[in-house]
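Below is one structure, written out as structure tokens; comments come after it.
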Amino acid sequence: MPLFETSAPLAGLRGELRAAVERVLDSERYILGPEVEAFEREFAAYCGAEQAIGVANGTEAITIALRAMGVGPGDEVVVPSFTFYASAEAIPPTGARPVFCDIDPETYCVTPETVRAALTPRTKAVIAVHLFGNVAPVAEIEKLGVQVLEDAAQAAGSTSAQGRPGSLGTAATFSFFPSKNLGAFGDGGMITTRDAEVAERVRMLRFHGSRDKVDFELVGYNSRLDELQAAILRVQLPHLDSMADGRRRAGEHYRQAGMGAYASLPQPTAGSAPAWHLYVIGHDRVGDVEAALKQAGIGHKPYYRTPVHRQQAMREWGQSIELPGTEQAAARHLAIPMSPILSREQVDEVVAAIATV
């Protein structure tokens, strides 16, 4: 049983996907054409955001969004350490420094308390990561008086009482890496925002700092979502909610199958309905769980055994920091199979294997 199932959920869309590719080939428009423009409108409407701007990938999306929000040399950006490396990696290219904060090991998300502990007079922004599809409490963090950038790379399809990821903070970033909840057939990213000035700066920064390809006002990037990828994503977007519901059902299967008796289950944040990108359990003897799953032929993976602040490239900023919630999550976590089509029978198989530990 694989950890991910990326092709089977798209089996019924293959005809539409082929037609979308043919449409782009016939148009001979490959860069910033009608498919990107349409997908930007459709994705903004889906998220409930004012504007959406396609970029090359989720990592550059973070750097560009931060710069558009005014982050630069001398500033600090608070970011969790229990996340994918890119969440922090994208900060130094702006000239700012990352300041690592802790998480709640039950939800795997930052909290107002963990963010507050990391704030300084130089804090320009906070990156709230909606990790594994859970939704960080953006509104509560904004009450601390700091602008929030949502890293929503893993949270397409999730919902919260305040709205969808992508509409909660000053801006948000998405990755369309093929394994994501909404996945392209290659790299791709998006920035959403409620701020028209931020959106305008993003559009300039993604295109060499220019509005018209003649005059260059900023030192920018060559970071654009391809027409082919936009067309492919447009086919999938109308089905995102049903796929998200499938992921939620799979999470409920784990609960009903009694997984909670053998491991710690991920806890949704208050008011959220996560579309689980990854379903991550916790266990004090996680190595034994891995061995049991391997023996049963069941996919599994620890994602962040070494937190970002302990990575070699981040030693300058994270060497002396103590983040107990992060260390606990890093030591105990393990991703187990999750997909929109994961059946109760498959879940029972996973639970049976873990029950032997």
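The values are calculated or read from the model by the stated rules, or taken from the named source; none is laboratory data. The model shown is predicted, which means the values in this text are computed figures rather than measured ones. All Cβ positions, glycine included, derive from the backbone under ideal geometry; neighbour counts span all protein chains shown.
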Among the numbered criteria (1) surrounded by 13 or more Cβ atoms within 10 Å (Cβ to Cβ); (2) in the same structural domain as Val202 (by TED's automatic domain parsing); (3) farther than 28 Å from Gly169 by Cβ, which one does Glu60 miss? (3)
Please state which of the following conditions Leu3 fails to meet, knowing it meets all the rest: (1) surrounded by fewer than 19 Cβ atoms within 10 Å (Cβ to Cβ); (2) more than 22 Å from Gly166 (Cα to Cα); (3) assigned by TED's automatic domain parsing to the domain that holds Asn222. (3)
Evaluate the following for Thr306: is it in the same structural domain as Ala244 (by TED's automatic domain parsing), buried (at least 21 other Cβ atoms within 10 Å of the Cβ) and hydroxyl-bearing (Ser, Thr, Tyr)? no
Consider only pairs whose beta carbons are under 8 Å apart and that are at least six residues apart or on different chains; among these, list those whose first residue lies in segment 158-174 and is closer than 16 Å to Asp241 by Cβ and whose second residue is of a type in the set (Asp, Glu) and in a strand (DSSP E or B). Pro165/Glu150; Gly166/Glu150
Scanning segment 294-335 residue by residue, the ones that are over 29 Å from Val357 (Cα atoms) and part of a helix (DSSP H, G or I) total 10
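This table checks each residue for (1) touching a strand residue (DSSP E or B) at 6+ places or on another chain (Cβ under 8 Å); (2) of a type in the set (S, T, N, Q); (3) buried (at least 24 other Cβ atoms within 10 Å of the Cβ).
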{"residue": "Pro121", "(1), (2), (3)": "no, no, no"}
{"residue": "Ala128", "(1), (2), (3)": "yes, no, yes"}
{"residue": "Gln147", "(1), (2), (3)": "yes, yes, no"}
{"residue": "Ala153", "(1), (2), (3)": "yes, no, yes"}
{"residue": "Ser158", "(1), (2), (3)": "yes, yes, yes"}
{"residue": "Ala171", "(1), (2), (3)": "yes, no, yes"}
{"residue": "Phe174", "(1), (2), (3)": "yes, no, yes"}
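If I ask for residues that are more than 27 Å from the chain's Cα centre (by Cα) and closer than 18 Å to Val347 by Cβ, which ones from segment 257-293 would you list?
Taking segment 257-293 and keeping what is more than 27 Å from the chain's Cα centre (by Cα), we get 257-258, 261-262, 285, 288, 291-292.
Once the filter is applied, which keeps residues that are more than 27 Å from the chain's Cα centre (by Cα) and closer than 18 Å to Val347 by Cβ, segment 257-293 yields Ala257, Gly258, Ala261, Tyr262, Ala292.
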Please work out if Ala68 is within 20 Å of the chain's Cα centre (by Cα), touching a residue at least 12 places away in the same chain (Cβ under 8 Å) and crowded, with 20+ Cβ neighbours inside 10 Å. yes
Out of all the residues in segment 280-295, is one or more modelled with pLDDT of 95 or more, hydrophobic (A, V, I, L, M, F, W, C) and in contact with an Asp or Glu (Cβ under 9 Å, 6 or more places away or on another chain)? no
Residues being surrounded by 20 or more Cβ atoms within 10 Å (Cβ to Cβ) and aliphatic (A, V, I, L, M) - total across segment 205-227: 2
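Pick from Gly246, Gly220: which is more than 18 Å from Phe176 (Cβ to Cβ) and part of a helix (DSSP H, G or I)?
Going through Gly246, Gly220 in turn, the sole match is Gly246.
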Single residue of segment 318-356 satisfying the filter (touching a helix residue (DSSP H, G or I) at 6+ places or on another chain (Cβ under 6 Å) and among the charged types (D, E, K, R)) that is surrounded by the most Cβ atoms within 10 Å (Cβ to Cβ): Arg332
Could you please find all residues in segment 210-234 being among the small types (Gly, Ala, Ser) and farther than 27 Å from Ser27 by Cα? Gly220
